[in-house]
Amino acid sequence: MKIVVLAGGRSPERNVSLSSSVMITNALREKGHAAVLIDLFLGDELQDVQTIDQVFQRAWVPRDYAISTEILTVAAIDQLRTDGSKALFGPNVLAICQAADMVFLGLHGEDGENGKVQATFDLFGIRYTGSSALASGVAMDKRLSKQLLLQQQIKTPGYVIAKKGQPQPALAFGFPVVVKPANGGSSIGMQIVADQAELAAALPIAFQFDANVVLEEYVAGREFSVGILNGVALPAIEISVDDGWYDYTHKYQDHGANYQTPPAIPAAVHQQMQKMALVTMAVLGLTNYGRVDFLWRAPEIYVIEANSLPGMTPHSLLPQEAAASGINYAELCEQIVAGKLALLDK
């Protein structure tokens, strides 16, 4: 198959996306596909080819992409494009994607997971991995997703929404409080604050990434994640850290994060998490694949959030869970593509 692995974009998670997408491209080429990595924002000037189809004939040398500890701002990303344009789609991106049999979305963060790209592809008849535009947008917006979860009696920590330029809302719970942008991921802009002074200092940082910020009840418990692959819940993975909490650095650097899958928890708890992950995916309308994050404070299990395009980096959770099920990285990528094709053929 001719597959575009779409990477980069204008999200602060750009570097994470590039790491995922390099690995995905390596894996799909290993499986015999004509896979090509295209940067959503930078595009492709096609200077070395005469036709679009020749893009898929380019040589590819398997490689790695190390994730920098730097969190990119949109202003810094905009400077990467020399024409001064800030359009999300770079030169020739749509034309190349239209020529592909499938686009594997290796994007992460707001502009990759909020449904904009998916909606554009729907208009152009381009097939892509992951969930629909609507489900992607709902899952990315923590305000909407939490409302839907609570309506379906799925336990999630209490929260209020702080809006940029407006007075801070009253808290319905005590400190500590988790502060995080309503749209975003990889713990970018997220902090755990112990008192009102720390909260006041944390809000401007979070507002750099979103005009709406979730102030969430802190749940002291063990942290888990459950991946879903084509309607099947994979073994849960437990995440712990040697110091602090599971922040951006812990997620993508060799820095004191520990993983165990399957986790050392009672079978009934494990099964309940897997069931809740499937229900959460269904409530939010997510399909093909995804990941649901949990906290367990016995006897309660809390859904934190769902991820419509989980990370596929060397440190990411979904590939580890798949490996625990006997599915290696290349097979995981292939099953994601095959699963989406099966959904489209229904």
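In the chain, taking the dipole from charged Cβ atoms about the Cα centre, the farthest positive-side position among Pro266, Ala7, Leu343 is held by Leu343.
Over region 22-175, what per residue volume does the convex hull of the Cα atoms give, in whole Å³?
That works out to 190 Å³ per residue.
For Arg297, the accessible area of its heavy atoms, probed at 1.4 Å with every protein chain present, is near 90 square angstrom. Normalised by the number of residues in region 183-242, the average gap of Cα pairs under 8 Å and 6 or more apart makes the relative contact order 23 percent. Bridging of Lys155 to aspartates and glutamates at a Cα separation below 18 Å is possible for Asp141, Glu216, Glu217, Glu223, Asp293, Glu300, Glu305, once same-chain residues fewer than 8 apart are set aside. For the chain, the relative contact order works out to 18 percent when only alpha carbon pairs closer than 8 Å and six or more residues apart are counted.
Taken over the chain, the convex hull of the Cα atoms encloses 138 Å³ per residue. Seen from Arg10, the other residues with C-beta closer than 12 Å to its C-beta sum to a net charge of -1, counting Lys and Arg as +1 and Asp and Glu as -1.
Note on Lys340: aspartates and glutamates with a C-alpha under 16 Å away, same-chain residues under 8 apart excluded, are Asp101, Asp122, Glu331. Applying a DSSP loop filter and a limit of 12 other Cβ atoms within 10 Å to the GluC sites (Glu not before Pro) in region 1-82 leaves Glu45, Glu70. Over 24 Å between Cα atoms: which of Lys142/Lys275; Lys180/Lys275; Lys146/Lys275; Lys116/Lys142; Lys31/Lys275 fall into that group? In this structure, Lys180/Lys275; Lys31/Lys275 exceed 24 Å between Cα atoms.
The values are calculated or read from the model by the stated rules, or taken from the named source; none is laboratory data. Just so you know, these numbers come straight off a predicted model, no measurement behind them. Backbone-built Cβ (ideal geometry, glycine too); neighbour counts: all protein chains shown. Quick note on the areas: whole protein, heavy atoms, side chains included, nothing else; ligands and nucleic acids left out. Shrake-Rupley method; radii C 1.70, N 1.55, O 1.52, S 1.80 Å.
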